[in-house]
Amino acid sequence: MKYPLYNKNGSGNLLTLLFSACLSFLIILLLTPKGFILGTSSYWHTDAEDVTQYIAGFNYYFISDWHFPLLAFDSLNYPDGTRATFVDVIPLYSFLLKVFLPNSLYPFNPFGYWVAFCFIMQGVGAWFIAKELKINCLFTSLALSALLTSFPALLFRLGHISLMSHWILLFSLAFYFRAKRTGSLSIAGITILLFVSFYINIYLFVMASLIYASSIMMMLSRCYSLKKILLSVLPFFFVLISMLIFLFPLPPGGGARDSGFGFYSMNLLSPFVGGTLFDIRLPVMSGQYEGFNYLGLGVIFLLASCIIFFRDTIKISIKENIYLFSTLCLLTIYSLSGDVYFSNVLVLKLYYPAITEAVTSQFRASGRFFWPVGYCLVIYGVYKLFKIESKRYRYLLLAFVVIVQGADLQNQISLFKDRSKREQLEQINYKIWSEDIKNNNIKFIYFYPKFRCGGDPMKALLPIMNLSSKYNVKLNTGYIARYMPDCGNISTEIKNSSKENSLYVFDSNAYNQKDVAEFVANEPALSCNRRDFAYICRLTKGAEKQ
């Protein structure tokens, strides 16, 4: 399908797309300090945050030899290895960089570019939605772009880089609106989107899949046939086949279940708490930061206007989109989890059958699942205002909504800016550790306790993981998702290791000197000393020649 460079309606033309993308890029430029997008600012220079895992995991994968499956590498959780998926390095992005960029760039940080890409794609997604809804008004399209690019839940996710790929949800909704408009599913486009989303973030893949499922149900309700059913599941079949190439088989300990469902949930107050103009401060449960889903006062006003002016058409809209509406209701219920809180008061307890544990243990941060609901509310509100016949009245209302939204999000914008300017934080003396690795030809680091075996991984494991990734030193553990190691094989692992090129690191907050002595009791050639937060053991100088 060809898109004109310009037409007077502004519906789907390339100039509107350019304006929308540029507006989104301008927003991220204004929000971040110099060097952020390039990956060189102080924000990225930390060894105790989630981004440490991403950068270290990426560099390990980037410099590793090719393995099968294609996302496998053995530098973490050595010798069994892991998959790029489980260190949250945006697997598809990392895979493409590994294919097309030279190893000479190692080590480097590509995630600032991804954040900028995500913001630009928010604008592109807004344009795509406006095109499919036939919003033939440049001003309305740009207002939609501004609201979606400054979406509070998106701004709040800085620090969880793959989860900033909210454009996946916008594209999913655009394909839904296209299916509703044309009466057919865009199988090729949806296949690409689901494949891409699966290898970006599994949460976003599930949300996109559920939106697509709504499209399938809508299509089948119009015309049921076996051929349509088979065609509609092709995207999922393609993703399953790809897993045999990129992901499976999993290493030992991979795919483990996690706890936290009910803790990382959404509060009933979440859509209404977080603004500047009405700074409501009410206590919520500690894990409910994952359920941050503030809509913004501008959007709340927008929705209130729709209720006032279009209340007679709300039921019609629900009926016309009953499958999407049902999906959004289910997502809302899941986001609240089993323990439903209003502020810090438990108001309802929902019981999930034991069979659902396979889902709840993998998608424990249930509060995130309200994101598609929030986006649909924004899109619905803007679309309804677009239907106002008086252009003057429409423009005034939209301008008011955008201005109020911008003013109300000043707290969130300031928080985003402050986070992006985070000062450099290092918990170990990298100069001493680096010299040790280079001077002693260290090829392996054995860190204890392993991840999920005790200790505070943020304060101990992540700095070591960050250090070792810079020199491609293999690590016996790692900050790895869906991972359950053998916690009780310390002495055996040390015994079977190559001591000439190994460093053994024990977190002093988890073990005392006596504990360490017991672990290496059968290794008289090893000598230990204290450094930073750890006890360091290595082969005594000259022992390798005996």
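Cβ crowding within 10 Å, taken as a proxy for footprinting-reagent exposure, orders Thr276, Thr16, Thr140 from fewest neighbours to most as Thr276, Thr140, Thr16. For the range 430-545, the spread of Cα coordinates along the three principal axes comes to 41, 30, 24 Å, biggest extent given first. Dipole of the range 430-545 computed with +1 at Lys/Arg Cβ and -1 at Asp/Glu Cβ about the Cα centre; of Phe451, Ser491, Ile464, farthest Cα towards the positive end is Ile464.
Which pairs, out of Lys34/Lys470; Lys131/Lys387; Lys450/Lys474; Lys180/Lys391; Lys134/Lys387; Lys228/Lys319, put more than 18 Å between their alpha-carbon atoms? As for pairs spanning more than 18 Å Cα to Cα, those are Lys34/Lys470; Lys180/Lys391; Lys228/Lys319. Can you give the local net charge around Lys34? Use residues other than it whose beta-carbon is closer than 13 angstrom to its beta-carbon, Lys and Arg +1, Asp and Glu -1. Its environment carries a net charge of +2.
Quick one: net charge around Pro463, please, counting Lys, Arg +1 and Asp, Glu -1 for every other residue with C-beta under 9 Å from its C-beta.
Numbers: positive: Lys459; negative: Asp47, Glu426, Asp532.
Value of the local net charge: -2.
I need Arg530, Arg83, Arg311, Arg157 ordered by Cβ neighbour count within 10 Å, fewest first. List each step's numbers first, then the result.
Values: Arg530 12, Arg83 28, Arg311 9, Arg157 21.
In order of increasing Cβ crowding within 10 Å: Arg311, Arg530, Arg157, Arg83.
Listed by Cβ neighbour count within 10 Å, with the fewest neighbours leading, Val87, Val115 appear as Val115, Val87. Taking a straight line from the alpha carbon of Lys98, these aspartates and glutamates sit under 14 Å away, with near neighbours fewer than eight places off in the same chain left out: Asp65.
Looking at the chain alone, DSSP beta bridges between its own residues are antiparallel in about 70 percent of cases.
Rounded to whole Å, the principal axis extents of the Cα atoms in the range 262-331 read 39, 30, 11, largest first. For the chain, the residue among Gly381, Phe370, Ser75 whose Cα projects farthest onto the positive side of the dipole built from Cβ charges is Gly381. What's the center-to-center distance, using Cα atoms, between the range 405-443 and the range 336-351 in Å? Between the Cα centre of the range 405-443 and that of the range 336-351, the gap is 36 Å. A simple count of charges around Phe248, restricted to other residues whose Cβ falls under 15 Å of its Cβ and scoring Lys, Arg +1 and Asp, Glu -1, yields +1. Hey, of (1) 47, 24, 23; (2) 49, 33, 18; (3) 42, 29, 22, which did the structure itself give for semi-axes √(5λ) of the Cα gyration tensor in Å when calculated? Evaluating semi-axes √(5λ) of the Cα gyration tensor in Å on these atoms matches (1). For the range 504-518 versus the range 240-274, the spacing of their alpha-carbon centroids is 33 Å.
Where only DSSP H runs of four or more residues are counted, the chain gives -15500 deg cm²/dmol as its mean residue ellipticity at 222 nm, each run worth -39500 (n - 2.57).
FYI, it's all coordinate maths here, none of it is from the lab. No experiment lies behind these values; they were computed from the predicted model shown. Glycine gets a Cβ as well: all are built from the backbone with ideal geometry, and neighbour counts include every protein chain shown.
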